[in-house]
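Visitor: Got a structure for you, written out below as C-alpha cells; questions coming shortly.
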Amino acid sequence: MTNTFIIAFCVLIIMAYIFDLTTSKTKIPSVILLLILGWGLQQITDIFNINVPNLSGLLPILGTIGLIVIVLEGALELEFNESKLPVLRKSMIVALIPMMVLGFLLAGAFFYYQTHYGDGNVDPDFRKALIGAIPLTVISSAIAIPSAVNLGKKNKEFVTYESSLSDILGVLFFDFMFRNATIDFHSFWVFLLQLLLIAVVSFIATIGLSYLLAQIKHQIKFVPIIILVILIYTISKIYHLPGLIFIMLFGMFLGNLEEIKRIKFMQRFKLRKLENEVQKFHEILAEGTFLVRVMFFLLFGFLIDTQELLDLQTFYWALGISGLIFLIRFIQLKISGLPAMPLMFIAPRGLITILLFLYIDPGDNIAIVSETLITQVILLTVTIMMIGLLFNKEKDETIFAKIKEKMAMGPSDAEISFEKIAKEEIKKDIKQEKAKEAKDDLADTLQEAKEVIDMKISSEITSEITESNEDGENGEDENDKNDGADEQEEKNKNNDKE
C-alpha cells in the first residue's frame, strides 16, 4: 500500500509538471487540468473500491500555506518604483472597486432571497449575506498569475499586481466584516490600529528575516526562513491582524533591494550580501509554491461531489454570479482606460475563495452560499478564462494580421497599406540578410586572421629555435678552433726551448 501511494503521488506530480510546461502552448490553464485529474482520480477509486481516508481536513491547511507562498512569490516579482506607480494605481482601483460593487450587489441579492424565499427559521441578516458574498468577489492569484504566461509584458504585469492586491484587499474586507458584529466608528478605529500594528510588526520581522537570510552560513537556510514566515502569519491571524500585509511587504522588500539601497537609513544594513541570496530564495520558493498549488487543486478536484455539482438550483445562481463578475470587470476596465481583451477574462475564483468560505463559522453561514455554489462559480470563471485566452490574439503581429486589419479600408487605401506593409517586411528581410552576411564575413575574417597569426607565431618560434641551435654549434666550433690553436702554440714554444 505504501509503495502504491508513493508511485501514485510521483506520477501525479509529474503529470502536473507536464501540464505546467504545456500551458504556454495549449493556452489551457493548468488548474483546469489539475481539477479534472483530481476528479478523475476520485472516479477511479470509486470504480475499484479503493478505500481512501477522509482528506477534507487537509484542504484548509494546504490552502493557507498555498496562499502564503503564492502571495510571497507574487510580491517578489513586483517592482516598486516611480515608473510603476501608474500600473500600481490602476491595478488597485480595478481590484478594489469591482470587489466592493460586486460584494454589495451579491449581498443584496442574497438578503432579498433570504427575506422572500428563506425557510423562515433564520432571520435575514445583511452582514451574514455580505460575509457569504465576499469570497466570490476575490480574484485568485494562484490561478490568474500562472494563466497570464501567454500575455504581453504589460498585461502580465498588471495581472500580477491586480490579483495579488485582490487577495490582500479581499482578506482585509472579509476580516473586517467577520470580526465585527456591529459596524460603527469603534470598529473602524480598531481596524486602523490593527493595520498600524501589523505595519510595525512587518517592518521588524522583515528586517530580522532579511538579516537571517544574509547571515546564516549553514547549507540549510531557506526552509527555516519560509517556516518563520508561515509562523508569523499564523500568529498574526490568531490576534486578528491582517497577516497578508506582512507577506506582501516582506516580498516587496526582497524584490526591490536596488530601490531600497538608495534610502540613507537602509545603507547601514549592507544589503549587498542579501542580494546574492534573494535569487536563490526566489527559486526555492517557486518550486515549493508549485508543489503546494498542485497538491491543493488535485485535492480540491478529488473532493468534488459530482451529484452536488449538477445541482440546477445553485447552478443558475452560479451562472448569474459569473455573468455579473465579468460584466462589472468589463465596465471597470473601460473606465480605467485598460484593454478589455483579454484582461476581462482573467477574473478566476479559486484558492482564496475556497479558503475564505472555509473560514466562515456555521453561525454566520447562509443557506444559498454552499460548497456546491462555490465550486460551480470557480469552475465557470476558470472555464470562461480558458476560452477567452484560447482566442487571445494579443501576440498576432504578423504581416497577415496587419493586412487583415486593413481589409475594412477602401481599395486604394488597402492597396497602399499592402504595399507599405510589404515594403516594410522586405526591408526587414534585407536588413536581416545583410546582417547575417556581415556576421558570416566577420567570422570568416576572424578565422583567417587567427590562422595567419598562428602561422606567424609558429614561424617565429621555429626561426628562434633554429638560430639558437646554430649559435650553439658555431660557439662549439670556435671553442674547438681556439683549443687547437692553443695546443699548437704550446708545441712551438717547447720546440724553441729544445
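The values are calculated or read from the model by the stated rules, or taken from the named source; none is laboratory data. In this text, all values refer to a predicted model and were calculated from it rather than measured experimentally. As a convention, Cβ positions derive from the backbone with ideal geometry for all residues, glycine included, and neighbour counts pool all protein chains shown.
Visitor: Pairs please, first residue from region 229-255 and basic (K, R), second anywhere and part of a helix (DSSP H, G or I), Cβ atoms under 8 Å, 6+ apart in sequence or on different chains.
Guide: K237/G243
Visitor: Sort out for me the helices (runs of 4 or more DSSP H) sitting completely within region 1-99 that have 2 or more residues that are buried (at least 17 other Cβ atoms within 10 Å of the Cβ), small (G, A, S) and at negative phi. Lay out the reasoning, then the answer.
Guide: On the way: elements: 2-26, 30-47, 58-76.
Of the helices (runs of 4 or more DSSP H) lying wholly inside region 1-99, those with at least 2 residues that are buried (at least 17 other Cβ atoms within 10 Å of the Cβ), small (G, A, S) and at negative phi span 30-47, 58-76.
A quick yes/no check of all residues on (1) among the aromatic types (F, W, Y); (2) in a helix (DSSP H, G or I); (3) closer than 30 Å to P98 by Cβ; (4) in contact with a strand residue (DSSP E or B) (Cβ under 9 Å, 6 or more places away or on another chain):
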position	(1), (2), (3), (4)
G170	no, yes, yes, no
F176	yes, yes, yes, no
Q194	no, yes, yes, no
I204	no, yes, no, no
Q219	no, no, no, no
Y233	yes, yes, yes, no
L254	no, yes, yes, no
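Visitor: All but one of (1) part of a loop (DSSP other than H, G, I, E, B); (2) at pLDDT below 85 hold for A214; which doesn't?
Guide: The one condition A214 does not meet is (1).
Visitor: Looking at region 322-359, which of its residues are of a type in the set (A, V, I, L, M), within 19 Å of L105 (Cβ to Cβ) and in a loop (DSSP other than H, G, I, E, B)? Step through it out loud before you land on a result.
Guide: In the first step, residues of region 322-359 are kept if they are of a type in the set (A, V, I, L, M); the result is 324-325, 327-328, 331, 333, 335, 338, 340-341, 343-344, 346-347, 351-352, 354-356, 358.
Within this subset, residues satisfying the condition of being within 19 Å of L105 (Cβ to Cβ) are 324-325, 327-328, 331, 333, 335, 344, 347, 356.
The answer is M344, A347.
Visitor: Run down F222, F173 and say which single residue is over 22 Å from the mean Cα position of the chain (by Cα), at pLDDT 85 or above and either farther than 27 Å from I93 by Cβ or of a type outside the set (V, I, T) (or both). Spell out how you get there, then give the answer.
Guide: Details: F222 fails: over 22 Å from the mean Cα position of the chain (by Cα).
Matching residue, one of F222, F173: F173.
Visitor: Something else now. For A414, work out the one condition from (1) modelled with pLDDT of 85 or more; (2) part of a helix (DSSP H, G or I); (3) surrounded by fewer than 17 Cβ atoms within 10 Å (Cβ to Cβ); (4) not aromatic (F, W, Y) it doesn't fulfil.
Guide: For A414, the exception is condition (1).
Visitor: Now for a separate question. If you go through region 114-126 one residue at a time, do you hit one that is surrounded by 20 or more Cβ atoms within 10 Å (Cβ to Cβ) and in a helix (DSSP H, G or I)?
Guide: Yes: region 114-126 contains one or more residues that are surrounded by 20 or more Cβ atoms within 10 Å (Cβ to Cβ) and in a helix (DSSP H, G or I).
Visitor: Follow-up. Pick from region 297-318 the residues that are farther than 13 Å from L136 by Cβ and among the aliphatic types (A, V, I, L, M): which of them is surrounded by the most Cβ atoms within 10 Å (Cβ to Cβ)?
Guide: L298
Visitor: Residues I368, I378, I321: which one is among the β-branched types (V, I, T), more than 20 Å from P60 (Cβ to Cβ) and modelled with pLDDT of 90 or more?
Guide: I321
Visitor: Here are some conditions: (1) under 27 Å from I325 (Cα atoms); (2) modelled with pLDDT under 90. D119 meets all but one. Which one does it not meet?
Guide: (1)
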